[in-house]
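Below is a structure I'd like to ask you about.
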Amino acid sequence: MSLYKSFYLIILFAILAWFPFSIAAQEAITKEFLSSMLTKELENYHNKFNIVHHRGEWKRTTTKDKKKLIYGRSYETDYQPGMFRTIVNTDYKDHSVRGASGVNSQYSFRILHSSNGWYVKDFEFLEKENEAKNELIRKDYKRMETSIKSLPYDLTLFETDGTIEKIVQDKNFEILKSESVLENGKNYRKIFFKFQEKKSEGIVSNSTGSITFDSDLAWVIKYGEIASLDSLGEKLTKTVMFEYEEKKELPLLKSRKEHLVIYDPKTKEEVIMDLNFNFSTKLLDKPLPESEFTLSHFGLPEPIGVTWPKPPTPPYVWLLRIAAGFALLSCCFYLANKIVNRKKNNTSI
């Protein structure tokens, strides 16, 4: 074999050997890259997800002591900048209204429903002179709002923070490897991880698993598989699957299915749980009137001292008023002209 042929064979062998590694390098996802992508996509999502009507319902099936327990509930939420309202409106068994809560520009409220109708449980004025308390109230509802706005990025696996970008940013979260997954002709990005989390009361939990992202749809989570063991000996395995629809270039969560197996070392029992969540979301083009976020919306009297500014008159109402004015004026001119002509005729005779 000539020297040139040997050289070309070495080059060809090197290319063939390097090719799989080059593909693997392209598929690799670093923690920094994933964190920056998730932060950017979540920020973009929140900026567009402003005026929304959201409905969610969930059903939980739990198998314990050879018994099958079923529980569920649904809720409706409307929110826009500065205002928020949620209604827990059905129970899985009796489909009864349970409660509602909200914030408007003047007060916050929490009400419950009984056989006699709605009654107020908690009420607070949002007064400027009580800014600290005001801030706490708004923070509470902000938390409720954020939990809905973060649904496409909510893994709900860890106590640290449910949103995936916060989990990835945690110093104890480590990406072990990553790969591309082909499913129904579409590529997804899958990472394998380990995560040590310090829970309440000094309990430490060690988790391993995988998370599959849809990189073409704003890096939302498609699948998750997690196994964890804490320092008290409690074991948990969880698989979760997400489905989405796209509206106005936003990924909106349609459903989330979870399967959990929990082992309690104290009772030495294994609990199996299935949770099914279904969601529908409407992105509204214009804000709802503030009256939708008040006590009077639920048939309760408004608190003493609350006066609502009259909503601005729509332009079409002004046009109708002007048209009606012109019509009335024309009618008056017509009648006056007829009376004058009649007098003239009588005078001439």
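Read the figures in this text as sums done on the coordinates, not as results from a lab. What you see is a predicted model, and the numbers here were worked out from it, not measured in a lab. Every residue, glycine as well, gets a Cβ built from its backbone with ideal geometry; the counts of neighbours run over all protein chains shown.
For a test of the definition: using alpha carbon positions, the gyration tensor, and the 1.5 limit on a/c, classify segment 178-299 as rounded, prolate or oblate.
Taking the square roots of the gyration eigenvalues as a ≥ b ≥ c, segment 178-299 is oblate.
Moving on to the next point. Tally Lys and Arg at +1 and Asp and Glu at -1 over the other residues with C-beta under 12 Å from the C-beta of residue 296: what net charge comes out?
Here the count lands on -3.
To one decimal place, what orientation-averaged projected area in nm² is obtained for the convex hull of the Cα set of segment 264-304?
Averaging across all directions leaves 7.6 nm² for the Cα convex hull.
Okay, moving on. Going 7 Å from the Cα of residue 203 along its beta-carbon direction, which residues of segment 218-246 have the amide nitrogen within less than 17 Å of the resulting point?
227-238
Sticking with this one: Give me the percent relative contact order of segment 210-339, please, defined on Cα pairs under 8 angstrom at least 6 residues apart.
Relative contact order for segment 210-339 comes out at 12 percent.
About the Cα centre, and with charges only on the beta carbon of Lys, Arg (+1) and Asp, Glu (-1), how big is the dipole of segment 212-330? Nearest 20 debye, please.
On the way: 14 positive and 18 negative charges, 110 e Å.
Taking the Cα centre of segment 212-330 as origin, the dipole is about 520 debye.
What is the list of residues in segment 204-244 whose amide nitrogen lies under 13 Å from a point 7 angstrom out from the Cα of residue 270, following Cα to Cβ?
Within reach of a label on residue 270, which here means backbone N under 13 Å from a point 7 Å along Cα→Cβ, segment 204-244 contributes 235-238.
Just list whichever of 68/194; 31/166; 31/222; 149/282; 222/268; 166/247 have alpha carbons separated by over 21 Å in the model shown.
With Cα atoms farther than 21 Å apart: 68/194; 222/268; 166/247.
Modelling each spin label as a point 7 Å along the Cα-to-Cβ direction, I'd like the residue 125/residue 254 distance in nm, to one decimal.
So the two model labels end up 4.9 nm from each other.
Quote to one decimal, in nm, the extra length available between residue 324 and residue 31 on full extension: 0.36 nm per residue of separation minus the C-alpha distance between them.
The residue 324-residue 31 span can extend by a further 98.8 nm.
Find, to one decimal place in angstroms, the Kirkwood hydrodynamic radius of segment 198-245, where the mean of 1/r is taken over every pair of different Cα atoms and then inverted.
Details: mean 1/r = 0.0811 Å⁻¹.
It works out to 12.3 Å.
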